[in-house]
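Reading through the structure tokens given below for one structure.
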Amino acid sequence: MSGDYGAVALLIVVAIGLSIPVGRYIALVFMGRPTWFDRVVGPLEGFILRLSGVDATRGQDWRQYATSLLVSNAVMWLAALAIFTAQGHLPFNPDAIAGMEPTLAFNTASSFTTNTNLQHYSGETGLSLLSQMVVVTFLQFMTAATGMAAAMAVMRGLAGDRLTTLGNFHVDLVRAAVRVLLPMSLVIALVLLGQGTPMTFDGAVSASTLEGGEQRIARGVVASMVAIKQLGTNGGGYFGANSAHPFENPTALSNAVESISILLLPMATIWALGHVVRRRRVAVMVFAVMLALYLPLLAVAVTQEAGGHPAMPQLGVDQSAGAMEGKEVRMGSVLTAFWAVSTTATSNGSVNGMLDSLTPLGGLAAMAGLWLNCIFGGVGVGFVNMFVFIVIAVFVAGMMIGRTPEFLGKRVEAKEMKLASLALLWHPLAILVGTAIASWTWSATAQPGDTLAWLRNPGPHGFSEMLYEFSSAAANNGSGFEGLGDNTPFWNITTGVVMVLSRYVPIVAPLALAGSLAAKPTVPDSAGTLQAGSLTFGVMLWAVVVVLGLLMFLPVAVLGPIAEFLALPTGS
Amino acid sequence: MSMPRTTLRDRAVVRQAVVDAWRKLDPRVQVRNPVMFVVEAGSLLTTAVFAVELVSSTGDPAFSGHVAFWLWFTLLFANFAEAMAEGRGKAQADALRRTRTETTANRLAGDGQTACVPASTLRRGDLVVVVAGEWIPADGEVIEGIASVDESAITGESAPVIRESGGDRSAVTGGTRVLSDRIIVRVTSDPGQSFLDRMIALVEGAERQKTPNELALGILLALLTLVFLLVVATIPPLAAYAGAEVPIPVLVALLVCLIPTTIGALVSAIGIAGMNRLVQCNVLAMSGRAVEAAGDVHTLLLDKTGTITLGNRQAAEFIPLPGVSGEELADAAQLASLADETPEGRSIVVLAKARHGLRGRDLTGLAPVFVPFSAHTRMSGVDVAGREIRKGATDAVLAYVISRGGSPPQDLRAVVERVARSGGTPLVVAEGPRALGVIHLKDVIKDGMRSRFESLRAMGIRTVMVTGDNPLTAAAIAREAGVDDFLAEATPEDKMALIRREQAEGKLVAMTGDGTNDAPALAQADVGVAMNSGTTAAKEAGNMVDLDSNPTKLVEVVEIGKQLLMTRGALTTFSIANDVAKYFAIVPAMFLLAFPQLAVLNVMGLATPRSAILSAVIFNALVIVALIPLALKGVAYRPLGAAALLRRNMLVYGLGGTILPFLGIKAVDLLLAAAGLA
């Protein structure tokens, strides 16, 4: 296992190292600067924009930008809903998979349109090839591009001085897809292909097992989807078992590449910030704060999982390789814990092991990533969420130095606080109210195990499963604690609504906030100005995130994972 | 200082504040502050639960009663803090009101007749005649005559001041008294709008509107309140899943402990107290917004004369030319200045005495002929006992020397230039055809200005000296005073252009001024402090008036503005940091029945779940009282850079605010256990 620790450290270092040039490239793309890639994708981009009739030179103010974002996403949502429902009658359906039931189709369309990829179905049996390609993979590109566009609009607002426009959403969306996501996915898909991930239009194959039985082995357009699933913080796997499935994640190399892909774009977005606002130190500060939130969670998860489950030795189960229940033997406890924390911190949601089987505190570390939702975070939106925390921290810190608070020379006033509050309030609202409704429904129903039947092990762990489901939906993460029977109208509708609101409220409010800041004049720095790039402010920001997160979620943490942990036999 | 200072020990104010604290329990008052309104709603709910439990003998009425009791006190303490701040303002207002006696005025009618009318009937534009011994009935402008006026009621300065028509000393204030002569005043304010009225309204807090920063802070506090309302409201259904039932008083206790009551209770007291500090400094701000803007100022424009330097130049050195003794030069200079009553002239006589022991002489028997200074000749002097002595501007005196048959000495140019370059003004002294030497007149920089500018620089504020001097002189004085920049040969238009330029870069500019020609710049500046001795135009253009007419006061105004924001920031941080400990007290206690294993989270080792919850509530209430003095006085202010200030305040109020309640709650718990209440 000690080699695994080294591997985790190395993977993080490589991810950070790669994210720096990628961040610079992203910044160049969105600042409209020439890059070496122009000759390859320039014509394609121009073609798409001409085809869609977008005037690339027209800037949009925040309202127009947000409207374009919402309208384009709404169109994609409707299309997804239609195809999921009708897939049984559509081509590219070699396995004759039937159309989705309405609440499941609603949930799944919402899930993929919001970059969540919460799956209340299993890919092998739930989606046709057409749905996987035209809907799922397409949306995995477009939603990541949407998030990246939103982040860039916010950054432009921060960099602007008396600026009324934040860029053009359509141009940003196409640029993100064509210049960033497509080429990077292509590289990763090719690596995965080389490692044995299938890529075929054929349906499942049958194989005879040694016992003489027959096994159906699902295949499909897997490699292309896994690449964007990892890169675009999507997380929705081709197969139900996600990256624990040997076709999605065949080898140690594929596991390394996929682990790095989870972190790459969320990290690169932060470096792009430094270029766009022309303050490298601010990017370093934000990155360091995120890393300082990420590493402790990682440490908790890794030590908990590697330490093994304390109840197991009493059952005579060897725990020397860590807590191995629900984990792939190929990955081991440490690499699974690393993936689990990365995938929740970044709002990715892909898994390479069963999160439901994590030790209580390992599960808590994963959930904490969902609750804070700003540790690198989803492509683009991770920074946008952190931006809201920055506004709050700047406000308090600014007052403490005796000035009207300002960030990057922009004054933070009542209007900004209102918008930041709206964005900040929504996340705990969705999680706490959602979990409260589910818990209450369960406890108020007579014989819930028979009638509701969504929890198989009530008690603190069952509570954690429900809490995780809403946390995952609200963070647009998409991973599941599973163990929860979630393909019911209750869960399909509630989490579907949460996913949609939790995607767009925290994007539109910060866009409005950035629009408001952009219009203000930039106040020049002086010795009396709060330096947003300083270590002191970094500590302040870190403390604000930790304390607010703690205050919002400690009671549910106590009722779920902490109660479960404290109930374990001690002396492990 | 004319303003009475009141302290916490001032019995009358405290007594009134205690009464007001109860009166402010009115929900219509509380609703203006969402945080405290939630506390009031929680107090009512808990009291109702207590009553029901008492009547029906269910639940735990002793506990509910205790919680309700302390919740009401939380509210009362918050009200007390606000009432104290208001009370101190009222005490100041009463002191001002005492100076305003109902007077009569001699209103001048169109036909030149005067009629005796009550001062309260005067309208803007009326003309009144005021003679020696009478009170000036209203704010106004002298349009005819000159008088000495006792303004001590307003400024606290006992020396009378001169007010005359025209120019920059024409404004008079109602409630001040004419000591000599007769003036005609045009009234510039309607009844109830005079300077004194506005000042009283301001210190009483009657016209208090929330400032932009208060509004933004209010939103942050509302956000936190909503978040915690959400956290607490979802606990019953979540706990129901675990089979735990959480009593309403416990939920209310948790809510009140979590919402930012500390800052919520003190925020209006901080605002009122900040205004009061300004008034104590004899500065009257037209709005709280101006005070906040003062804390943000990037650039200070300071007039050289009277602000950075003492009003007048003073002779600093006699520089004799070769072949002339110092004594000879001093003697001639003294003779030429004996009749010169200007401060410069007097300083020459003083220097001659100090350096060369020359005493003033009686020239009456010698029939001296004094030649006064004129703008045309640009020199002055004396003809006495056959000697013709002149002093004045270099060119003028040289022309005089040549006209008397002398020749300009070789070294004179060099000496003159050296003096000019050092920021001084050279005065050349000549006797007949012979130039004797140069008197170095120097601007004297006020004591302590250099260190003040240094502390301003540390705060990130740039000081710009504005002067009519030539660039050479200005540069030298700027260097000596330690200002960052200067504007030489400045006209009012230049000043205006400078302000606009700074503002175009996004900077906030503060300035002082008194003349009518300062008015446009005062209006343009973000913080314009008008001198009380200045014209009405200047006072109306600015957003603050300094009753002492002391231009350096601007620095204190900036400090008060910063201190106001820092106090708000520090207490907000403290309030949020406190929550961590309260969580550790209440959350394990709340779920202990359902999950006995949560006992390990009771890190403070609190005696019982009941006492854990009570201790947190009691601590939460007491900390408000403990912080009232800090809210009224403001946090300690030091002129440090932003990073150092933030580090300091984060350590004290952030880290301190996290640790202190662990100790405080434990202490209360020990007391409760000792009292048998645990």
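The values are calculated or read from the model by the stated rules, or taken from the named source; none is laboratory data. Since we're looking at a predicted model, the values are computed, not measured. Cβ placement follows ideal geometry from the backbone for every residue including glycine, while neighbour counts extend to all protein chains displayed. With ligands, DNA and RNA removed, areas are computed over all heavy atoms of the protein, side chains included. Shrake-Rupley method; radii C 1.70, N 1.55, O 1.52, S 1.80 Å.
Of note:
- Enumerated helices (runs of 4 or more DSSP H) restricted to the stretch B:206-310, each holding at least 3 residues that are open to solvent by 10 Å² or more (accessible area, probe 1.4 Å) and within 30 Å of B:Phe584 (Cα to Cα): B:212-233, B:235-241, B:248-258
- Any hit, the stretch A:403-417, residues being facing another protein chain (nearest Cβ under 10 Å), assigned to a loop (DSSP other than H, G, I, E, B), closer than 30 Å to A:Ala518 by Cβ and open to solvent by 10 Å² or more (accessible area, probe 1.4 Å): yes
- In the condition set (1) surrounded by fewer than 21 Cβ atoms within 10 Å (Cβ to Cβ); (2) part of a loop (DSSP other than H, G, I, E, B); (3) more than 7 Å from chain B (Cβ to nearest Cβ), A:Val546 is compliant with all but (2).
- Complete set of residues in the stretch B:354-386 that are touching a residue at least 12 places away in the same chain (Cβ under 8 Å), open to solvent by 30 Å² or more (accessible area, probe 1.4 Å), outside any loop (DSSP other than H, G, I, E, B) and out of contact with any strand residue (DSSP E or B) (no Cβ under 6 Å at 6 or more places or on another chain): B:Arg355, B:His356
- Lone qualifier among B:Ala510, B:Ala570, B:Ala504 - being within 10 Å of another protein chain (Cβ to nearest Cβ) and either in contact with an Asp or Glu (Cβ under 9 Å, 6 or more places away or on another chain) or open to solvent by 10 Å² or more (accessible area, probe 1.4 Å) (or both): B:Ala504
- The set of residues from the stretch A:272-308 being open to solvent by less than 30 Å² (accessible area, probe 1.4 Å) and in contact with a Lys or Arg (Cβ under 7 Å, 6 or more places away or on another chain) comprises A:Gly274, A:Val276.
- Residue count for the stretch B:134-164, restricted to those that are open to solvent by 50 Å² or more (accessible area, probe 1.4 Å), modelled with pLDDT of 80 or more and not in a strand (DSSP E or B): 1.
- The set of residues from the stretch B:657-678 being open to solvent by 50 Å² or more (accessible area, probe 1.4 Å) and within 17 Å of B:Pro260 (Cβ to Cβ) comprises just one member, B:Leu660.
- Selection count where residues are open to solvent by 10 Å² or more (accessible area, probe 1.4 Å) and under 26 Å from A:Arg503 (Cα atoms), scope the stretch A:437-448: 3
- Screening B:Val131, B:Val227 for residues that are touching a strand residue (DSSP E or B) at 6+ places or on another chain (Cβ under 8 Å) and modelled with pLDDT of 75 or more leaves exactly one candidate, B:Val131.
- Pick from the stretch B:435-478, criterion touching a strand residue (DSSP E or B) at 6+ places or on another chain (Cβ under 7 Å) and in a loop (DSSP other than H, G, I, E, B), ranking: farthest from B:Met496 (Cα to Cα): B:Lys446
- Wholly enclosed helices (runs of 4 or more DSSP H) of the stretch A:22-124 bearing at least 1 residues within 21 Å of A:Val136 (Cα to Cα) and open to solvent by 70 Å² or more (accessible area, probe 1.4 Å): A:62-86, A:102-113
- Qualifying residue in the stretch A:453-462 (condition: open to solvent by 10 Å² or more (accessible area, probe 1.4 Å), within 16 Å of B:Pro237 (Cβ to Cβ) and assigned to a helix (DSSP H, G or I)): yes
- Filtered by the rule that a residue be in contact with a strand residue (DSSP E or B) (Cβ under 6 Å, 6 or more places away or on another chain), open to solvent by 10 Å² or more (accessible area, probe 1.4 Å) and assigned to a strand (DSSP E or B), the stretch B:407-434 gives B:Thr425, B:Pro426, B:Leu427, B:Glu431.
- Residue match in the stretch B:547-558 (condition: open to solvent by less than 20 Å² (accessible area, probe 1.4 Å), facing chain A (nearest Cβ under 10 Å), modelled with pLDDT of 85 or more and farther than 17 Å from B:Asp526 by Cβ): no
- In the stretch B:573-589, the residues that are facing another protein chain (nearest Cβ under 8 Å) and either under 17 Å from B:Ile659 (Cβ atoms) or crowded, with 24+ Cβ neighbours inside 10 Å (or both): B:Thr573, B:Ile576, B:Ala577, B:Asp579, B:Val580, B:Tyr583
- Restricting attention to the stretch B:646-676, the residues being in contact (Cβ under 8 Å) with a residue 40 or more places away in the chain and touching a helix residue (DSSP H, G or I) at 6+ places or on another chain (Cβ under 7 Å) number 14.
- Every condition in (1) free of Cβ contacts under 8 Å to residues at least 60 places away in the same chain; (2) more than 23 Å from the chain's Cα centre (by Cα) holds for B:Pro520 except the one numbered (2).
- Checked against the criterion of being surrounded by 22 or more Cβ atoms within 10 Å (Cβ to Cβ) and without any contact (Cβ under 8 Å) to a residue 12 or more places away in the chain, the stretch B:634-643 contains not a single residue that satisfies it.
- If you go through the stretch B:523-540 and pick out every residue that is touching a helix residue (DSSP H, G or I) at 6+ places or on another chain (Cβ under 6 Å), surrounded by fewer than 24 Cβ atoms within 10 Å (Cβ to Cβ), away from every other protein chain (no Cβ under 13 Å) and touching a residue at least 24 places away in the same chain (Cβ under 8 Å), you end up with 1.
- Restricted to the stretch A:527-539, and to residues there that are assigned to a loop (DSSP other than H, G, I, E, B) and surrounded by 21 or more Cβ atoms within 10 Å (Cβ to Cβ), the residue that is farthest from the other protein chains (Cβ to nearest Cβ) is A:Ala532.
- Those helices (runs of 4 or more DSSP H) lying entirely in the stretch B:1-98 with at least 2 residues farther than 15 Å from B:Ala253 by Cα, at pLDDT 90 or above and open to solvent by 30 Å² or more (accessible area, probe 1.4 Å): B:11-23, B:34-56
- Complete set of residues in the stretch B:632-674 that are of a type in the set (Gly, Ala, Ser) and within 14 Å of chain A (Cβ to nearest Cβ): B:Gly634, B:Ala636, B:Gly641, B:Ala642, B:Ala643, B:Ala644, B:Gly654, B:Gly656, B:Gly657
Condition check ((1) within 14 Å of chain B (Cβ to nearest Cβ); (2) assigned to a helix (DSSP H, G or I); (3) surrounded by fewer than 24 Cβ atoms within 10 Å (Cβ to Cβ)) across all residues:
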{"residue": "A:Glu482", "(1), (2), (3)": "no, no, yes"}
{"residue": "A:Val508", "(1), (2), (3)": "no, yes, yes"}
{"residue": "A:Ala512", "(1), (2), (3)": "no, yes, yes"}
{"residue": "A:Gly515", "(1), (2), (3)": "no, yes, no"}
{"residue": "A:Thr522", "(1), (2), (3)": "yes, no, yes"}
{"residue": "A:Asp525", "(1), (2), (3)": "yes, no, yes"}
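- Within the stretch A:103-126, residues that are among the charged types (D, E, K, R) sit with their Cβ atoms under 7 Å from residues that are open to solvent by less than 10 Å² (accessible area, probe 1.4 Å), at 6+ positions apart or across chains, in these pairs: A:Glu124/A:Phe239.
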